[in-house]
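The structure appears below as structure tokens.
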Amino acid sequence: MLDERKTAILRAIVQEYVATGQPVGSTHVSASAGLHVSSATVRNEMAVLEQEGYLVQRHTSGGRIPTDKGYRFFVDHLTGPGSLDGAAAMRVGEFFDRAYGRLEELLARTTNLLAQVTRHTSVVIGPSPERSTVRSIQLVGLSDHHAVLVVVLSNGTVEHVTMELAGPTSDARLAAAGAHLTATLVGRTLDRVTAAPTGDPELDALCTRAVDSLGGRPSGEPLFVGGTAAMAEAFDATETVRGVLRALEEQFIVVSLVRDMVDRGLAVAIGAEHGVEPLAACSVVVAPVVVDGEQIGTVGVLGPTRMDYPQALATVDTVSVRLARRLGDGA
């Protein structure tokens with residue numbers, strides 16, 4: 001455990017390095033940390049912090065920069081996640097006040113919002129359709145041989161599936177099939193929908209065809225990634241950028257990383273802590289999206305370890321709460 005003075009010095013170095021990207025010297029720290037000690041004393045304390053792994057000095061005559069251990073101490077000793085400034089808070093509030101439409105569109109726009117506010121790459125994982133319950137079903141004829149099946153789910157998703165009919169089918173017949181499916185399937189999850197028999201072979205065949213048409217949808221949680229261009233600005237090394245972008249293209253890697261963090265109760269993973277080697281130069285900040293006590297998604301940002309952690313935590317936390325409220329209302 002660091003004493004009060006070393007903690008203040010480390011905090012001042014992290015904040016200055018995050019703001020400027022330049023190694024921090026003892027003169028600046030002694031003037032800004034409110035320590036009322038000499039530069040020589042600060043230099044001695046910085047040397048101890050370096051020996052203990054919280055700081056590193058790239059050049060003999062240069063200042064120090066935080067290590068992953070230094071950032072971890074800084075994050076763990078924050079008094080809170082920080083708060084959004086007035087403009088950012090208003091932007092998030094206005095976005096969700098006006099956020100309507102299909103779930104996929106909402107999640108994609110939320111990803112863009114996160115990226116724009118934090119200036120980092122953003123990740124939003126939505127609820128899995130298979131875990132959502134059916135709210136309503138409707139069958140609408142398109143032609144003699146085709147109809148569209150419209151299914152509204154509890155997570156806000158509206159599924160549109162074009163299905164082929166065995167032959168000419170009247171609107172009344174389609175309405176009867178839709179009514180039967182609504183009566184038997186509403187409140188059930190998609191992974192448990194089956195066509196219950198009606199005693200009418202023709203109607204049973206139509207209902208079975210409708211249920212079967214729901215198969216073949218993408219499974220698992222929908223993943224949206226935004227602001228990847230921010231990575232090109234975050235790192236000087238081209239190979240680092242390439243490695244990060246390649247990792248972001250692998251949906252399994254991103255979803256597994258975020259799920260593991262949430263399972264471990266981590267809001268922040270710094271550098272190698274998350275265990276994904278191509279992202280070792282990055283930190284990840286996440287928050288679960290919880291509706292009625294159940295986690296149905298996750299939002300987060302990914303950026304360099306030189307991240308404004310209080311701002312990132314505040315943004316991710318606020319967006320997760322507002323997104324959960326919108327999904328709970330049935331986006």
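Below, the figures for the structure above:
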item: Residue in the range 65-87 that is surrounded by the most Cβ atoms within 10 Å (Cβ to Cβ), counting only those that are charged (D, E, K, R) and closer than 19 Å to C282 by Cα; result: R72
item: Answer from L55, L84 - the residue that is over 25 Å from the mean Cα position of the chain (by Cα) and hydrophobic (A, V, I, L, M, F, W, C); result: L55
item: Close pairs (6 angstrom Cβ cut-off, 6 or more residues apart or separate chains): part of a helix (DSSP H, G or I) in the range 12-30, hydroxyl-bearing (S, T, Y) anywhere; result: A12/S32; S26/S39; T27/S39; S30/S39
item: Residues located in the range 42-51, provided they are surrounded by fewer than 16 Cβ atoms within 10 Å (Cβ to Cβ) and in contact (Cβ under 8 Å) with a residue 40 or more places away in the chain; result: V48
item: Single unsatisfied condition, F96 versus (1) outside the structural domain of T298 (by TED's automatic domain parsing); (2) crowded, with 16+ Cβ neighbours inside 10 Å; (3) assigned to a helix (DSSP H, G or I); result: (1)
item: Of residues in the range 294-328 being over 21 Å from A87 (Cα atoms) and of a type in the set (A, V, I, L, M), the one surrounded by the most Cβ atoms within 10 Å (Cβ to Cβ); result: L302
item: Counted residues, the range 171-201 - those being surrounded by fewer than 10 Cβ atoms within 10 Å (Cβ to Cβ) and in contact (Cβ under 8 Å) with a residue 12 or more places away in the chain; result: 1
item: Residue match in the range 31-41 (condition: surrounded by 20 or more Cβ atoms within 10 Å (Cβ to Cβ), outside the structural domain of D236 (by TED's automatic domain parsing) and touching a Gly at 6+ places or on another chain (Cβ under 9 Å)); result: no
item: Checking P23 against (1) surrounded by fewer than 17 Cβ atoms within 10 Å (Cβ to Cβ); (2) under 34 Å from the mean Cα position of the chain (by Cα); (3) not hydrophobic (A, V, I, L, M, F, W, C), the condition it does not meet; result: (1)
item: Within the range 45-86, considering residues that are part of a loop (DSSP other than H, G, I, E, B), under 18 Å from Q311 (Cα atoms) and not acidic (D, E), the one modelled with the lowest pLDDT; result: P81
item: Search result, residues across the range 272-325 that are among the small types (G, A, S) and either without any contact (Cβ under 8 Å) to a residue 40 or more places away in the chain or more than 22 Å from F96 (Cβ to Cβ) (or both); result: A272, G275, A280, A281, S283, A287, G293, G303, S320, A324
item: Filtered residue count, the range 135-147, keeping only those that are touching a Gly at 6+ places or on another chain (Cβ under 9 Å) and within 12 Å of G167 (Cα to Cα); result: 3
item: Some residue of the range 283-293 being of a type outside the set (S, T, Y), surrounded by 19 or more Cβ atoms within 10 Å (Cβ to Cβ), farther than 15 Å from S122 by Cα and within 14 Å of the chain's Cα centre (by Cα); result: no
item: Residues of the range 117-134 satisfying the condition of being touching a Gly at 6+ places or on another chain (Cβ under 8 Å) and not in a helix (DSSP H, G or I); result: R119, H120, T121, S122, V123, V124, I125, G126, P127, S128, T133, V134
item: Unmet requirement for A172, which otherwise passes all of (1) out of contact with any helix residue (DSSP H, G or I) (no Cβ under 7 Å at 6 or more places or on another chain); (2) outside any helix (DSSP H, G or I); result: (2)
item: Failed item, numbered, when G126 is tested on (1) more than 27 Å from G297 (Cβ to Cβ); (2) touching a strand residue (DSSP E or B) at 6+ places or on another chain (Cβ under 6 Å); (3) surrounded by 18 or more Cβ atoms within 10 Å (Cβ to Cβ); (4) not aliphatic (A, V, I, L, M); result: (1)
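The values are calculated or read from the model by the stated rules, or taken from the named source; none is laboratory data. Just so we're clear, the structure is a prediction, and the values are computed from it rather than from any experiment. Note that each Cβ is placed from the backbone with ideal geometry, even for glycine, and that neighbours are counted across all protein chains shown.
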